[in-house]
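Take a look at the structure set out below.
Laboratory data are not the source of any read-out in this text; all were calculated from the coordinates shown. Note that the structure is predicted; figures quoted are calculated from it, not measured. Every residue, glycine as well, gets a Cβ built from its backbone with ideal geometry; the counts of neighbours run over all protein chains shown.
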Amino acid sequence: MEQRDAETREYHDQLRSWARGMYTIEAATELLIRTGWAFPDHLWMKREEDGRVWIDFTAIPDAISAYSGGEQRVLRIAASIGAEEPVILGDEVSGIDRDQMKLVLAAITHAAGYAVAGRTIEMNADGHPEIVPTEPLYAWPV
């Protein structure tokens, strides 16, 4: 069991490394990892001849018909974030359970660049622009 856990961690680390640098790909990848949909046996998971792994988000919508409605919703949202696959967000968010919704919210926040502390410009009391720090909007659940 420990061997399998170590292999899973290594596989997920490889995926995170592949995704690093683009918020949308990072967010969609992390959403699949945290919801349990980032394993080699899924049709959207790819491995190059040299061993590199990646996710074909465009393959998700055509490969999920056998899954439950809630599972399909999460997967379509991941595909939308990762590859701009069109979804009607209002339709997709209904029917997602609370724990999965926390992950979806974190993925959307991450994709938008609001998952880390930053800075923004606000008008101060004198009516002048001022750079102020911001807190992360919504973090990945622990």
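Among the criteria (1) without any contact (Cβ under 8 Å) to a residue 12 or more places away in the chain; (2) under 18 Å from TYR23 (Cα atoms), the one ASN124 does not fulfil is (2).
Residues in the stretch 61-83 that are surrounded by fewer than 13 Cβ atoms within 10 Å (Cβ to Cβ) and either in a helix (DSSP H, G or I) or in contact (Cβ under 8 Å) with a residue 40 or more places away in the chain (or both): how many? Going through the stretch 61-83 one residue at a time, the tally reaches 2.
Taking the criterion of being among the basic types (Lys, Arg), touching a Pro at 6+ places or on another chain (Cβ under 7 Å) and more than 19 Å from TYR138 (Cα to Cα), the only residue of the stretch 60-109 that qualifies is ARG76.
Taking the stretch 16-60 as the range and being of a type in the set (Val, Ile, Thr), crowded, with 18+ Cβ neighbours inside 10 Å and not in a strand (DSSP E or B) as the test, the residues that pass are THR24, ILE25, THR29, ILE33, THR35, ILE60. For the stretch 1-15, the set of residues classified as surrounded by fewer than 18 Cβ atoms within 10 Å (Cβ to Cβ) and assigned to a helix (DSSP H, G or I) consists of GLU2, GLN3, ARG4, ASP5, ALA6, GLU7, THR8, ARG9, GLU10, TYR11, ASP13, GLN14, listed by residue number.
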